[in-house]
Ligand SMILES: Nc1ncnc2c1ncn2[C@@H]1O[C@H](COP(=O)(O)OP(=O)(O)OP(=O)(O)O)[C@@H](O)[C@H]1O
Ligand SMILES: [Mg+2]
């Protein structure tokens, strides 16, 4: 990636977000859940398409059920309802394990039929690191970022996930892809709720939610990209 020419932006959380009302919070969370349901549904569809010996009636039943869940979640999204992330307690997690677990899920379930490359590079001094975070929410965040990265890839594309620590002993998590990148004029709008660019079925919630999650874990979220060169997301999280 041509680092010198990369356009950079800092998607720091807008502090006014903190003053939204509780009812808004509730509705926003509902939208987020509806959005995040898409990944496991896609995994189910992949599994279904690989099941040759299943009774046709059963297959149809499962297929229709998946379609119904999809349409329910789409309904919720279209009404543009909002809720804050359903409050999940923080827990101590081995971040290296969490990342590997998620990447494994993606590669072996969601992308089982595709030749997608996602490399995890562990540069942590001790090889592992315990971080206090909202485990499911954080996984969904990373999942959304990986989805974006994978969706941007062309032939021979790959995604790298780097784990390291900076001088302040913060966790640094970097997701890089060599996909199609993002044009400079689009960068300022990224991370705004509902902003999507160049995707037929984009809801514009992935980056918004990721940015919010990292901010609510007292971290920093930075995205840099250049059209034709790929995208890099750097997340810095204090190790509490
Ligand atoms: N790694 C990436 N490479 C290229 N473009 C990206 C990347 N990440 C984000 N984008 C751009 O940013 C836009 C916003 O991303 P975001 O994840 O918020 O929404 P979305 O992917 O359009 O929809 P969804 O809510 O379903 O994730 C995308 O539409 C895409 O144009
Ligand atoms: Mg997305």
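Brief remarks follow.
- Residues of region 211-240 satisfying the condition of being within 7 Å of ligand 1 (Cβ to nearest atom) and either at pLDDT below 95 or in a loop (DSSP other than H, G, I, E, B) (or both): none
- In region 148-172, of all residues being crowded, with 18+ Cβ neighbours inside 10 Å and within 12 Å of ligand 1 (Cβ to nearest atom), the one that is farthest from residue 210 (Cα to Cα) corresponds to 153.
- Filter result for residue 160 (farther than 20 Å from residue 42 by Cβ, more than 12 Å from ligand 2 (Cβ to nearest atom) and at pLDDT below 95): no
The rows are residues; the columns are (1) farther than 23 Å from residue 101 by Cα; (2) within 13 Å of ligand 2 (Cβ to nearest atom).
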| position | (1), (2) |
| --- | --- |
| 151 | no, yes |
| 164 | no, no |
| 188 | yes, no |
| 204 | yes, yes |
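- Members of region 193-210 found to be surrounded by 21 or more Cβ atoms within 10 Å (Cβ to Cβ) and more than 6 Å from ligand 1 (Cβ to nearest atom), listed by number: 209, 210
- Residue tally, condition modelled with pLDDT under 85 and closer than 22 Å to residue 105 by Cβ, over region 50-74: 3
The values are calculated or read from the model by the stated rules, or taken from the named source; none is laboratory data. This is a predicted model, so every value here is computed, not measured. Note: ideal-geometry Cβ built from the backbone for every residue, glycine included; neighbour counts use all protein chains shown.
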